[in-house]
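Just below is one structure, and these are the notes that go with it.
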Amino acid sequence: DIDCVYEALLNTAIDIDSLEANSHLDEVCIKEVIKKAGMKLKWSKLKQDKVRENKDAVRRPQADPALLTPRSPVVTIMGHVDHGKTTLLDKLRKTQVAAMEAGGITQHIGAFLVSLPSGENITFLDTPGHAAFSAMRARGAQVTDIVILVVAADDGVMKQTVESIQHAKDAQVPIVLAINKCDKPEADAEKVKKELLAHEVVCEDYGGDVQAVHISALTGNNLLALAEATITLAEMLELKADHTGPVEGTVIESFTDKGRGPVTAAIIQRGTLRKGSILVAGKCWAKVRSMFDENGKTINEACPSMPVGIVGWRDLPSAGDEILEVESETRAREVVDWRKYEQEQDKNKDDLKIIKEKRKEHQEAHRKDREKYGSLHWKERSYLKFQARKEQKFLKPKEKTERDSNALPLIIKGDVDGSVEAILDILDTYDASHECKLELIHFGVGDISENDVHLAETFGGIIYGFNVNAANVIQQSAAKRQVKIKLHKIIYHLVEDLQEELSSRLPCIV
Ligand code: GDP
């Protein structure tokens, strides 16, 4: 089947005679394909490229344990709406900015770093809530090491609390519990811990391993304890990364900056990113022109777990895209080309599926036809169909004056029996689905005759000829009577022409 469509596309000027007995059905399918803009070119290009090898870039194999050095944890804050996620993030960021000597202009790069007095760092992803978390995970990206689950002590475990727990569990990311709003008189931290037992989040007081910290995001109370608990957990996880070799990372956000063009915010996961590195992400690539941190400060290096804004992208990759460093611009282009090609192939597979379904429909219709008309000669069959059509829709061809302006009267002439039948079959498929109806007033084999012209004049119709001629006298007579004669040698040209005629007759929709 595929080959047949390939063939048809590469050689669209098919002669109907060269088609097999019932292959006019294929013709309809082929037309469907050609209708899709540019398909022919795409397909022949694909055919050429069929031999191409996988040119994708992939992550490096596991690093030698000797190369691994500790890295900071990357944390996502999750929890029910209004339980204080944004307030907590804001407070953490502000604490950080206050701790900095010269406050730069804060840049939104999807994450920020908090340094503890002990010298440890924590990277907080900026977008709270599990929507962003699961969107990234759905794209295969896992950047989060630890989830801080925020539960308001005055409200307890709610729907999104449970969902957040589920997301963390699915991703196998451990939880630190932040019992928030403990400044409120009605706060009941114990109730929260008890409720969490039902969701298999067991705090240390209850014999489990989940650390719970009582905080107030609003007043900033106990935030250091929360950060320390996070570091403790990170130490237990023994988070390590290879700081050497080609960079690997994940895009957490991407945006276009007025001055800098396409920018990505990324978390580096392996290697050390430097100016001049060549990166690929999704179907985009970059030569790193500059890098900056969340304070807008230019940086020269970005190590694992560091959030970084990267300038130098040719296009805009998407959040969740994996970033990989490659050795050269040529290699980057090759990878991007390969990925685009792969995507195109997937798309073509989908197109092909649609074509196959269409073909099945047509074949089914054809089979029903055969059942109905049995082994009748094509002419009898076509005649019966013609009669049936007349009975169903056009009880009798109407006179010019009373004709429906949305109908297109037709006369079809073909060189051989098979071609006329093929055209009639194609017309069948158009008939029902168009606003402008076809009104077949005559069909037959042979060159265009004076009789055809007279008929066309009477009904205000058009004559379509397939592989037939119209003598000069006939042409002149037609011109005099303002009758259009359209001659074609390729069926789908004829059908396309017909389609154009049909759409030109559609009522204007204002
Ligand atoms: P989010 O939807 O989880 O991001 O919640 P927000 O951070 O927007 O907080 C919702 C509301 O709770 C806001 O009015 C906050 O001021 C308030 N809030 C957040 N944290 C605390 C807290 O520790 N104590 C008190 N009293 N209110 C808080």
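Assorted remarks:
- A189 farther than 11 Å from V176 by Cβ, open to solvent by less than 20 Å² (accessible area, probe 1.4 Å) and more than 16 Å from the ligand (Cβ to nearest atom): no
- Selection count where residues are at pLDDT 90 or above and either outside any helix (DSSP H, G or I) or in contact with an Asp or Glu (Cβ under 9 Å, 6 or more places away or on another chain) (or both), scope segment 468-490: 16
- Filter result for S449 (open to solvent by less than 70 Å² (accessible area, probe 1.4 Å), closer than 18 Å to V416 by Cβ, of a type in the set (S, T, N, Q) and at pLDDT 90 or above): yes
- Residue match in segment 220-230 (condition: among the aliphatic types (A, V, I, L, M), in a strand (DSSP E or B) and either in contact (Cβ under 8 Å) with a residue 12 or more places away in the chain or away from the ligand (no atom under 16 Å from the Cβ) (or both)): no
- Hits in segment 418-435 (condition: under 18 Å from A407 (Cβ atoms), among the acidic types (D, E) and either part of a helix (DSSP H, G or I) or at pLDDT 75 or above (or both)): D428, D431
- Selection from segment 223-266 of residues that are crowded, with 20+ Cβ neighbours inside 10 Å and over 28 Å from R139 (Cβ atoms): L226, A227, A229
Yes/no matrix, rows are residues, columns are (1) modelled with pLDDT of 95 or more; (2) open to solvent by less than 70 Å² (accessible area, probe 1.4 Å):
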| residue | (1), (2) |
| --- | --- |
| L149 | yes, yes |
| A171 | no, yes |
| A178 | yes, yes |
| Y206 | no, no |
| Q211 | yes, yes |
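- Only residues that are at pLDDT 95 or above and open to solvent by 40 Å² or more (accessible area, probe 1.4 Å) were counted across segment 276-289, and they come to 2.
- Residue ID - nearest to the ligand (Cβ to nearest atom), chosen from residues in segment 153-172 that are free of Cβ contacts under 8 Å to residues at least 40 places away in the same chain and closer than 30 Å to L239 by Cβ: E163
The values are calculated or read from the model by the stated rules, or taken from the named source; none is laboratory data. Everything numeric in this text was worked out from a predicted model, so none of it was measured. Here Cβ is always computed from backbone atoms with ideal geometry, including for glycine, and neighbour counts include all displayed protein chains. Ligands, DNA and RNA are stripped out before the accessible areas are found, and what is left, the full protein with its side chains, is counted by its heavy atoms. Shrake-Rupley method; radii C 1.70, N 1.55, O 1.52, S 1.80 Å.
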